[in-house]
Each structure stands twice: as structure tokens, then as C-alpha cells.
């Protein structure tokens, strides 16, 4: 499904930093978003253990990651007071452009890196909506740093061997929930 990691990295870079990447990047994204058979059950990566303690940012309602089964997921740890915060704009553009083709961006605010997400859930939700027009799913604040790493992030770290070192680290999960790629900020 991921024929060219470099090409897909170019797509992410283009949307997040307004660069240029050419046709290979679009071909990689098209390949990534190509239809794949739906799974009868939720993949283990998205299962109940991973969803433990996750709530929707806007209203604190419990969330189950299985609702995203069969979709390509771009998982991002976010922060409102970070030098990379402007990436919200590109993430929303990516989500809006490719959502109908099966891509969902998932945002996970975290205050673990530089204490750059100090606000309440309401403050974070308002900031994202009013400043960047964020409509992609956002979750309540999570811990990514050890020893209190949220179970979904622990599974992503275990799967890729890469732990986020800063805000706006990205994990790309294929439709089957089996293949995961990691991208630094």
C-alpha cells in the first residue's frame, strides 16, 4: 500500500509546509487511499485497549478507535503553543481534501513537550476551531511521554520503534491497521 515512503512524505510536507513535490507524491497518496476490503473486526491496534481513556475533545464523550476501522489514519500529537502549531492548517486541508477517499486525521493534544498545551479542553477546542478551522477529530489531552504513555500511543511506539520527540509527530496507519509509518515533526 505504501509504494513510496519518500513520495508520501512529500505529500505531507506539501500540505503542512506548502512545498512542492510533483506527481510521484500524488501517485503515492492515490495508492495509499486506494480501496481496500473492510475488515469484519476492529484491528488490534485500534481495539479496546488502545481506546482506553480516550475522550472527544469538544465534549469529553468516550471514544472508541474502532470507529475508524477501514480508514487510513494520520495520527498527530498536537500543541497550541508550539512553533509547529501552524501545521493545523495543513492537516485540516489534507483531511478536507482526502476524507471522502478514506483518510482521517486524528489530533491528540499533549502537554508533554515543552508544556506547550497548557489549556483546558474547551480552550484547546476553541483555539483549533477559531484559529485554524479544525474539523478533523480531536481527542482530549493525552500523555505520550513515559511512564504514563496513553495505550494507543504505546502501541504506535511499539509498532514503529519510534517515540515522538516533540509536538506534531505523525503516525500513518494503513486501512488494515497493520502497517504504520512514523514521521518526525
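Bridge orientation summary for segment 26-185: considering DSSP beta bridges with both residues in this region, about 55 percent are antiparallel.
Using Cβ contacts closer than 10 Å as the measure, can you line up 105, 55, 142 from fewest to most? Before the final figure, lay out the partial values.
Numbers: 105 25, 55 16, 142 21.
Sorted ascending by nearby Cβ count, the order is 55, 142, 105.
Under the Kirkwood approximation for Rh and a Cα-based Rg, what ratio Rg/Rh is obtained for segment 40-185? Show your work: numbers first, answer last.
Working: Rg = 13.9 Å, Rh = 15.1 Å.
Result: Rg/Rh = 0.92.
With an 8 Å cut-off on Cα pairs and a minimum separation of 6 or more residues, tell me the relative contact order of segment 26-185 in percent. With pairs under 8 Å counted, the relative contact order is 31 percent.
For segment 83-128 versus segment 167-181, the inter-centroid distance based on Cα atoms is 16 Å. The residues 182, 50, when put in order of fewest to most other Cβ atoms within 10 Å, stand as 182, 50.
Defining a contact as two alpha carbons under 8 Å apart and six or more residues distant in sequence, what relative contact order in percent does segment 106-185 show? Could you put the intermediate results ahead of the total?
Details: 85 pairs, mean separation 20.7, N = 80.
Here the relative contact order equals 26 percent.
Read the figures in this text as sums done on the coordinates, not as results from a lab. Quick caveat, the model's predicted, so the values are computed rather than measured. All Cβ positions, glycine included, derive from the backbone under ideal geometry; neighbour counts span all protein chains shown.
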